[in-house]
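These notes are about the structure you will find just below.
Nothing in this text is a laboratory measurement; each read-out follows from the coordinates by a stated rule. From a predicted model like this one, the values you see are computed outputs, not experimental measurements. Glycine gets a Cβ as well: all are built from the backbone with ideal geometry, and neighbour counts include every protein chain shown.
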Amino acid sequence: MLQRLVLCLALIFILAETAFNLYTEFSLQHSAKTVQFDSVAKPSFTIVLIPLDSRPPCIQFVEKLAALANISILTPPLELLDNYQTPAKIVELRTWLRQALQGANAAIISTDMLIHGGLIASRSSRGTQKDIADTLTLLEECHQANPSVELYVFNIIPRLLTADSNANAPYQLDMQKYSVLKDKVLTFENPNDIAELKLLEKSIPIDVIDNYLKRNQKSAEVSIELIKMTEKGIISGLIIGQDDCQPFGLPNIIKRQLEYFVDKHSGRIVTKLTNHKPQIFVQYSDADTAKIIMPYMPHSVAKTVEEKIGIIGGKQTFDRDKADFILFVQAIDLTAVIHYYPCS
């Protein structure tokens with residue numbers, strides 16, 4: 001029962017990030033205490049949460065939704081977390097995590113928070129090799145000290161764009177083209193793409209390209225170590241997500257390489273958290289929604305839904321009557337909105 005609830009909550013945690021721009025009325029105040037429930041019933045489980053960052057979808061959405069399942073979410077004090085471009089206090093966060101796990105049933109942990117200090121900090125790869133080593137060691141020690149507490153970890157493949165900085169600003173669009181072309185050349189080997197890529201490489205400072213490649217390589221190496229820890233049973237569940245991206249780009253190459261690594265070296269690492277495989281009927285807001293490729297996404301809405309259903313071990317059914325529940329999906333095509341409601 002616990003495993004099923006934690007897995008569903010991990011999915012909620014990821015989906016909530018996508019919903020952030022549609023949600024505008026949540027209070028930005030946050031308490032370090034666990035969620036207070038309206039019900040007099042004592043919370044069934046306690047889950048420690050190290051969020052991706054301090055925004056409402058990463059904390060408050062999870063707290064509110066967990067309350068519906070009578071789950072208590074324990075989050076770090078706000079003063080330890082990031083504040084937009086100010087990174088979290090990662091050393092203090094690691095200490096807090098060690099203490100918080102005592103008496104908890106499970107944990108959902110962002111490695112980007114523990115290594116870099118949050119999502120924005122991860123885009124400039126603020127974490128050092130020591131931060132990476134300390135975080136991986138921390139996860140192993142937390143498992144050894146609390147073997148009954150299941151650790152659900154997620155790591156993020158960096159976004160397509162370079163980090164926002166004065167040094168990168170003049171080359172950000174060229175680096176976006178560079179990243180897209182790297183993927184296209186690897187995929188199609190089109191001579192025109194190869195020629196354009198060579199010209200771009202000559203026009204961009206070598207240190208800008210090197211920093212971009214090193215950022216992605218560092219993240220990939222962390223993911224590989226986490227995969228190994230999952231295989232050893234130190235981590236109960238691992239999700240490797242993607243920051244802002246497009247259908248082509250260097251992050252997509254990294255994703256394919258990680259998939260290959262899992263297949264070749266570890267078999268298919270899939271943690272069977274429950275024997276129950278929920279049947280899910282997907283209802284889109286209209287017929288075209290499934291085909292839309294949303295901004296900052298590498299593929300269609302339908303593919304995104306398929307991946308998220310896979311996270312919880314679910315199976316999509318096309319028979320509404322056989323479904324355990326219906327997943328309603330609405331995605332707005334902004335180009336259509338602009339067409340019907342042109343700016344004056």
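Label positions at residue 42 and residue 294, each projected 7 Å from the Cα along the C-beta direction, are separated by 3.9 nm.
The phi-based Karplus calculation (6.51 cos²θ - 1.76 cosθ + 1.60; θ = phi - 60°) puts the 3J(HN,Hα) values of the range 133-150 at 4, 5, 5, 5, 5, 4, 4, 5, 5, 5, 5, 5, 7, 9, x, 8, 8, 7 Hz, whole numbers, x for Gly and Pro. From the Cα gyration tensor of the range 66-215, with a ≥ b ≥ c the square roots of its eigenvalues, which class applies: rounded if a/c is under 1.5, or else prolate if a/b is larger than b/c, or else oblate? Because a/c hits 1.5 or more and a/b exceeds b/c, the range 66-215 counts as prolate.
Modelled spin labels at residue 70 and residue 83, positioned 7 Å past Cα toward Cβ, are 3.9 nm from each other. Using a Förster distance of 25 Å, how high is the FRET efficiency between residue 194 and residue 259, based on the Cβ-Cβ distance and rounded to 0.05? Once the sixth-power term is evaluated, E becomes 0.50. Sequence neighbours fewer than 8 away in the same chain don't count; with that in mind, list the lysines whose C-alpha is under 19 Å from residue 218. Candidates past the 8-residue exclusion: 130, 182, 228, 255. Between residue 324 and 279, 280, 281, the built amide H atoms are under 5 Å apart, and every one of these is 5 or more places off in sequence or on another chain. For residue 202, a cut-off of 14 angstrom between C-alpha atoms picks up these aspartates and glutamates, skipping any fewer than 8 places away in its own chain: 174, 210. Could you check the spin-label model distance between residue 165 and residue 332? Points 7 Å from the Cα along Cα→Cβ, value in nm. About 3.5 nm, to one decimal. Each peptide in 285-294, 158-167, 94-103, 114-123 gets a packing score, the mean of other Cβ atoms within 10 Å over its residues, and the list from highest to lowest is 114-123, 158-167, 94-103, 285-294.
Between the amide H of residue 190 and any residue lying 5 or more places away or on another chain, no distance stays under 5 Å, with hydrogens modeled in the peptide plane.
The alpha-carbon of residue 277 sits under 13 angstrom from the alpha-carbons of these aspartates and glutamates, leaving out residues fewer than 8 places away in its chain: 324.
Across the range 287-301, computed HN-Hα scalar couplings (Karplus, 6.51 cos²θ - 1.76 cosθ + 1.60, θ = phi - 60°) run 5, 8, 4, 4, 8, 5, 9, 6, x, 6, 10, x, 7, 6, 4 Hz from first to last residue, x flagging Gly and Pro.
When you count the other C-beta atoms within 10 angstrom of each residue and take the mean per peptide, 64-70, 202-208 line up highest first as 64-70, 202-208.
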